[in-house]
Amino acid sequence: MNAPTAPGPPVVEVELHRVVLALRQPHASAGGIEAERDIVLVRVVLEDGTEGWGECPTLSLPTYSSEHAAGAWLVLRDELVPAVLAGRPASVVGHPMAKAAVADALLDARLRTRGRSLAAHLGVTARRVSTTTVVARVGSVAEVLEVVAGAPGGVKVKIEPGFDLEPLAAVRACWPERWLAADANGSFAADQIDRLTAVDALGLAYLEQPCPGLAGAAVAARALSTPVCVDEAADSLDAVRAAVDLEAMAVLNVKPARLGGVEVAAAAVALAAEAGIDAFVGGMLETGVGRRAALAVAGLAGCTLPTDLGPSARYFSADLTDPVEEGTDASLAIPTGPGIGPAPDPGRLEAATRDRWVGRR
Ligand SMILES: [Mg+2]
């Protein structure tokens, strides 16, 4: 990564948008069901008039991590944004996704003032990244097979105790050579690892967060030959370091917002690469704002596995930005324009905004 962005003109205004976007279909995992996307967008305005956007892709309830949209809104409005406007650090523990929205909005504005893309800022030279399709939790093996049949490339299937070996073995039986991974969202207790030993024979690219936490991942990594991937437990750079030290993972799922922003995410990718650990960028059902920022991170050389970020159309009938589109080779383009990606379309943003707040210096 290049040197940190030099401070530019001060921030004079910050606007928060609480946005609710309909999902094409409810997204289900072992953590729960999201029927719609309820997120916060941050818009910063610099003294020279340049604006920047950042996305806080929390879920509507704290089922996936300890953050959620209503809480992020309050933390942003009452703590993080006043600190930015006053030009002082905020004393907020945790809340990486809320912090990421501010950090990425600031970075977006600073890069725009220099006409520089996030990819160039991170030293990314790739133009496109390969993707996989995530098969969200569905009711039956037949439904899994139906989704896999329609997916263009590799697939990652959500599993949980009682819905584990059977769907994966069925996919493997139909497509013996297909790139296949599984994500348990930490749903297996450490003493349920035995249930996963049969999965070990299926040649999965990785098994994501089989058990909760770093300790659970370490138990799984010792018990299984399938590469274990850490996702939920990688919620800070310190956690990524701890996962390396504990030998808890062979693969790291880098979620830029959960780590605190795209620059922290790039540092996590570098840390994994140094430790010889494969990495990829995982999606958080972001709108086009956060999705494009994450795509630049996914283009880093240390991201050695396909991203599970998907095209906008997989999730939304109408994204807030121009849609992220998938190529016929199951790849997505890394944005090359200035900043972290395109700003939201004003009309679509207006239609999706449920609450708005503005703070000024
Ligand atoms: Mg996951």
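Couple of notes before you dig in:
- When residues of segment 149-171 are limited to those that are away from the ligand (no atom under 16 Å from the Cβ) and among the aliphatic types (A, V, I, L, M), the one surrounded by the most Cβ atoms within 10 Å (Cβ to Cβ): VAL171
- Test: residue in segment 278-294 that is over 22 Å from VAL20 (Cα atoms) and surrounded by fewer than 24 Cβ atoms within 10 Å (Cβ to Cβ): yes
- Residues that are away from the ligand (no atom under 16 Å from the Cβ) and in contact with a helix residue (DSSP H, G or I) (Cβ under 6 Å, 6 or more places away or on another chain) within segment 200-225 comprise LEU202, VAL219, ALA223, LEU224, SER225, listed in sequence order.
Table: residues versus (1) surrounded by fewer than 23 Cβ atoms within 10 Å (Cβ to Cβ); (2) at pLDDT below 85; (3) in contact with a Ser or Thr (Cβ under 8 Å, 6 or more places away or on another chain); (4) within 25 Å of ALA318 (Cα to Cα).
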site: ALA6; (1), (2), (3), (4): yes, yes, no, no
site: GLU13; (1), (2), (3), (4): yes, no, no, no
site: VAL20; (1), (2), (3), (4): yes, no, no, yes
site: GLY31; (1), (2), (3), (4): yes, yes, yes, no
site: VAL44; (1), (2), (3), (4): no, no, no, yes
site: TRP53; (1), (2), (3), (4): no, no, no, yes
site: CYS56; (1), (2), (3), (4): no, no, no, yes
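- Residues within segment 219-235 that are part of a loop (DSSP other than H, G, I, E, B) and farther than 15 Å from ASP183 by Cβ, tallied: 2
- When restricted to residues that are surrounded by fewer than 23 Cβ atoms within 10 Å (Cβ to Cβ) and within 13 Å of VAL134 (Cα to Cα), segment 172-189 contains 3.
- Condition met for ALA100 (hydrophobic (A, V, I, L, M, F, W, C) and either at pLDDT 95 or above or buried (at least 17 other Cβ atoms within 10 Å of the Cβ) (or both)): yes
Residues checked against (1) assigned to a loop (DSSP other than H, G, I, E, B); (2) β-branched (Val, Ile, Thr):
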{"site": "LEU168", "(1), (2)": "no, no"}
{"site": "ARG172", "(1), (2)": "no, no"}
{"site": "ILE193", "(1), (2)": "no, yes"}
{"site": "ASP200", "(1), (2)": "no, no"}
{"site": "ALA205", "(1), (2)": "yes, no"}
{"site": "LEU214", "(1), (2)": "no, no"}
{"site": "ALA217", "(1), (2)": "no, no"}
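- Against the test of being of a type outside the set (A, V, I, L, M, F, W, C), modelled with pLDDT of 95 or more and surrounded by 15 or more Cβ atoms within 10 Å (Cβ to Cβ), the options ARG137, ARG116 yield a single qualifying residue, ARG116.
- Count - residues of segment 81-105 that are closer than 18 Å to VAL240 by Cβ and in contact with a Pro (Cβ under 9 Å, 6 or more places away or on another chain): 2
- Among the residues listed as ALA313, ALA268, the single one being surrounded by fewer than 22 Cβ atoms within 10 Å (Cβ to Cβ) and of a type in the set (A, V, I, L, M): ALA313
- Just one of the listed residues (VAL228, VAL240) is free of Cβ contacts under 8 Å to residues at least 24 places away in the same chain and either crowded, with 20+ Cβ neighbours inside 10 Å or within 16 Å of the ligand (Cβ to nearest atom) (or both), and it is VAL228.
- Any hit, segment 68-76, residues being out of contact with any helix residue (DSSP H, G or I) (no Cβ under 8 Å at 6 or more places or on another chain), without any contact (Cβ under 8 Å) to a residue 12 or more places away in the chain and not in a helix (DSSP H, G or I): yes
- If you go through segment 172-195 and keep only what is under 22 Å from GLY32 (Cβ atoms) and either within 15 Å of the ligand (Cβ to nearest atom) or hydrophobic (A, V, I, L, M, F, W, C) (or both), you end up with ALA181, ALA182, ASP183, ALA184, ASN185, GLY186, SER187, PHE188, ALA189, ALA190.
- Note on segment 310-342: residues that are aliphatic (A, V, I, L, M), at pLDDT 95 or above and in contact with a Ser or Thr (Cβ under 9 Å, 6 or more places away or on another chain) amount to 5.
The values are calculated or read from the model by the stated rules, or taken from the named source; none is laboratory data. In this text the structure is predicted, and so the values were computed from the model without any measurement. Glycine also receives a Cβ, built like all others from the backbone with ideal geometry; neighbour counts cover every protein chain displayed.
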